[in-house]
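Worksheet: one structure, shown below.
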Amino acid sequence: MQTQEIKAAEAQTLCPTYGRYPLAIAKAQGTKLITPEGQTYIDLLAGIAVCNLGHSHPEIVEVITSQAHKLIHVSNLFYQEEQIHLARKLLSTSHLQRAFFCNSGAEANEGAIKLARRYMREVRNEDRFEIITLSGSFHGRTLATLTATGQDKIKTHFGPLPEGFITVPFGDPAALENAITAHTAAVMVEMIQGEGGVIPLPKAYVQTLVDLCAQHKILLIIDEIQTGMGRTGKFWAHQHLGLTPDIMTSAKGLGNGLPIGAILCTENIAKGFPPGSHGTTFGGNALICAVAAKVIDIMERDNLCQRVTAMGKWLHQRLLELHSKHPQRIAEIRVHGLMVGIELTSPGATIWQALLNQGFILNLTQDKVLRLLPPLIITQEELENFIQALDKVLSSVPA
Ligand SMILES: *Cc1c(COP(=O)(O)O)cnc(C)c1O
């Protein structure tokens with residue numbers, strides 16, 4: 001089918017949930033996306049921080065094929081070696097000791113919220129259930145995780161929303177302290193708000209957050225769904241600051257395109273999930289576990305974190321040069337490994353469209369922030385081509 005045909009047919013078949021880009025993608029290879037008409041685009045978004053190793057990575061295609069011949073799915077009624085291999089590899093990247101596998105980011109966060117509450121009742125015997133989150137955050141689209149999300153647009157007309165969630169203003173230590181009560185179970189944060197516009201938590205605020213959690217004996221949950229899996233140059237973004245969250249969630253880059261989410265926690269907190277307390281039919285099936293284990297193998301073998309750090313450093317320098325050339329158009333550059341926000345001084349839809357016309361796929365978030373989450377294997381040449389295109393666009397497209 002050609003793009004226009006797909007577009008027309010979709011309106012007759014799918015819920016109109018998505019504000020789509022004006023493109024259909026028929027094929028994707030490495031860092032390139034190809035339309036049904038054969039036009040090629042450079043992918044600076046990687047399926048929203050998912051296809052970190054690039055599209056159709058040969059070793060991922062190989063493991064999908066070989067594992068599919070062996071075992072795809074039998075449900076969590078059975079023990080499966082593939083879950084152990086993945087859990088060992090994933091836990092070895094972190095200070096945490098137990099894993100739970102599910103199917104998406106929202107489901108991982110939903111599970112983390114359930115775990116925090118049940119741990120407090122079941123293990124600590126305390127009536128703590130409130131979850132504190134930050135304004136501007138994004139934690140998912142299920143009822144609990146959209147309630148946790150600190151953006152009203154996500155919640156419109158979905159009420160009544162579940163109880164026990166409090167959102168406090170981003171980066172305000174006093175507001176956080178005031179929100180903590182005898183019923184607080186956990187604080188859940190992203191180290192760098194992704195959908196919120198690539199906004200890092202200030203270092204001093206993180207220290208207050210850690211201190212308050214310790215002082216009040218409440219759990220720190222870090223949502224690493226977008227920032228994890230090497231995106232910022234360390235395996236997990238919280239490792240830049242030496243934090244040791246009690247629970248963390250992962251998804252997006254973990255399966256390089258196949259759906260998987262994970263909750264990691266301490267051995268003690270895992271006691272909050274006794275047999276029968278939580279579950280999923282598909283979560284952690286043999287196929288996805290084999291794929292995710294291979295993703296971690298490749299990341300480690302190819303030193304992707306080091307690559308991301310070096311590439312991010314170079315990109316940051318180039319974008320700062322662009323900023324000094326276009327101070328009237330660019331408000332701020334935020335680069336954390338290959339998680340990049342270019343905040344414009346005015347709404348960026350025309351700039352985004354002009355870049356798309358030149359063959360570059362990226363995201364515009366919060367109206368003004370060009371967000372780049374390229375595959376971690378992106379080349380310097382591809383990024384340089386993007387910078388030159390952006391330079392031209394900023395010079396020619398009126399604000
Ligand atoms: C994408 C994202 C989610 C939700 O993940 P889904 O797989 O879309 O449910 C949650 N938190 C963060 C930080 C994300 O970036």
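Laboratory data are not the source of any read-out in this text; all were calculated from the coordinates shown. Keep in mind that this is a model prediction, so the values were computed, not measured. Because the Cβ atoms are built from the backbone with ideal geometry, glycine has one as well, and the counts that use them run over all protein chains shown.
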Q) How would you rank 37-46, 368-377, 241-250, highest first, on the average number of other Cβ atoms within 10 Å across their residues? A) 368-377, 241-250, 37-46
Q) Using only helices, what value at 222 nm comes out for the chain when you add -39,500 (n - 2.57) per DSSP H run of length 4 or more and divide by the total residues, to the nearest 500 deg cm²/dmol? A) -11500 deg cm²/dmol
Q.
Is there a quick way to get the dipole size of the stretch 125-250? I mean about its Cα centre, with the Cβ of Lys and Arg at +1 and of Asp and Glu at -1; what is the value in debye to the nearest 20?
A. 360
**Q.** Spin-label zone in the stretch 100-137 - amide nitrogen under 17 Å from a point set 7 Å from the Cα of Phe78 along the C-beta vector
**A.** none
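Counting each pair of different Cα atoms once, what's the Kirkwood radius of the stretch 262-399 in Å, rounded to one decimal? Don't skip to the answer; put the middle values down first.
Working: mean 1/r = 0.0564 Å⁻¹.
So the Kirkwood estimate lands at 17.7 Å.
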(Q) On the Cα set of the stretch 324-399, report Rg and Dmax in Å, please. (A) 11.6, 33
Q. Near Lys368, which aspartates and glutamates are there with a Cα under 19 Å away, not counting those fewer than 8 places off in the same chain?
A. Asp152, Glu195, Glu332, Glu343, Asp391
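Send over the semi-axes of the stretch 87-204's equivalent ellipsoid, whole angstrom and largest first, taken as the square roots of 5 times the C-alpha gyration tensor eigenvalues. Show your work: numbers first, answer last.
Values: eigenvalues 93, 69, 57 Å².
That gives 22, 19, 17 Å for the three semi-axes.
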Q. Check Asn256: other-chain or 5+ apart residues with amide H under 5 Å from its amide H, H built from backbone geometry?
A. Asn52
(Q) Could you give each residue of the stretch 341-350 its phi-based ³J(HN,Hα) in whole Hz, using Karplus coefficients 6.51, -1.76, 1.60 with θ = phi - 60°, and x for Gly or Pro? (A) x, 10, 7, 8, 7, 9, x, x, 4, 5
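Using a Förster distance of 25 Å, how high is the FRET efficiency between His316 and Leu23, based on the Cβ-Cβ distance and rounded to 0.05?
Numbers: r = 29 Å, r/R0 = 1.14.
Approximately 0.30, to the nearest 0.05.
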Q.
Strictly over 24 Å apart at the Cα level, which of Lys32/Lys392; Lys32/Lys252; Lys153/Lys325; Lys32/Lys153; Lys114/Lys271 would you flag in this model?
A. Lys153/Lys325; Lys32/Lys153
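If the viscosity is 1.002 mPa s and the temperature 20 °C, what Stokes-Einstein diffusion coefficient in µm²/s follows for the stretch 60-113 when Rh is the Kirkwood radius over Cα pairs? Please report the intermediate quantities before stating the final value.
Numbers: Rh = 13.1 Å.
Reported coefficient: 163 µm²/s.
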Q: Taking the dipole about the Cα centre of the chain, with the C-beta of Lys and Arg at +1 and of Asp and Glu at -1, give me whichever of His336, Leu96, Val74 is farthest to the positive side.
A: Leu96
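Report, as a whole number in µm² per second, the diffusion coefficient that Stokes-Einstein gives for the chain at 20 °C and 1.002 mPa s using the Kirkwood radius over alpha carbon pairs.
97
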(Q) List the aspartates and glutamates whose Cα sits under 13 Å from the Cα of Lys234, skipping any in the same chain fewer than 8 residues away. (A) Glu224, Glu300
Q. Lys/Arg Cβ at +1, Asp/Glu Cβ at -1, dipole of the chain taken about the Cα centre: which of Pro160, Ile263, Gly136 is farthest positive-ward?
A. Ile263
